Amino acid sequence: MKFLSFKPVMDERLMRLWAGAEAEAGGLAFAEEAAGLSRTTIRVGRDELRAGVNPNDVVNVRRAGGATNDREDDPGARGARSPP
């Protein structure tokens with residue numbers, strides 16, 4: 001099943017929307033069996049799709065990456081300098 005292939009990389013919102021789309025296409029019971037989500041969650045996803053999905057509604061919770069300069073403080077780090 002396609003859903004199970006993508007599930008590990010989906011966030012909660014995308015799973016809900018996918019399941020809602022499956023419910024629109026094949027019915028609520030089909031989506032429940034395919035996705036393994038509750039009917040309530042599937043209904044919420046279906047209703048979100050019906051209301052219209054806006055890409056600006058996506059919330060990114062990851063922090064911006066950045067290099068830290070703590071290699072000198074961690075002698076176990078790869079490439080750390082040995083004390084003179």
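The values are calculated or read from the model by the stated rules, or taken from the named source; none is laboratory data. Quantities reported herein were computed from a predicted structural model and do not represent experimental measurements. Note that each Cβ is placed from the backbone with ideal geometry, even for glycine, and that neighbours are counted across all protein chains shown.
Values computed for the structure shown
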{"item": "Any pair with Cβ under 7 angstrom, 6 or more apart, that starts in the range 1-20 at a residue that is among the small types (Gly, Ala, Ser) and ends at one that is at pLDDT below 85 and in a helix (DSSP H, G or I)", "result": "ALA19/ALA35"}
{"item": "Filter result (loosely packed, with under 10 Cβ neighbours inside 10 Å and not polar (S, T, N, Q)) within the range 13-58", "result": "ALA25, ALA51, GLY52, PRO55, ASP57"}
{"item": "Qualifying residue in the range 12-27 (condition: part of a loop (DSSP other than H, G, I, E, B), at pLDDT below 90 and aliphatic (A, V, I, L, M))", "result": "no"}
{"item": "Among (1) in a helix (DSSP H, G or I); (2) at pLDDT 85 or above, the one test that LEU37 misses", "result": "(1)"}
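Residues are listed down the side, and each one gets a yes or a no for (1) assigned to a helix (DSSP H, G or I); (2) at pLDDT below 90; (3) farther than 21 Å from PRO8 by Cβ; (4) of a type in the set (Gly, Ala, Ser):
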residue	(1), (2), (3), (4)
THR41	yes, no, no, no
ARG46	yes, no, yes, no
ASN69	no, yes, yes, no
ASP74	no, yes, yes, no
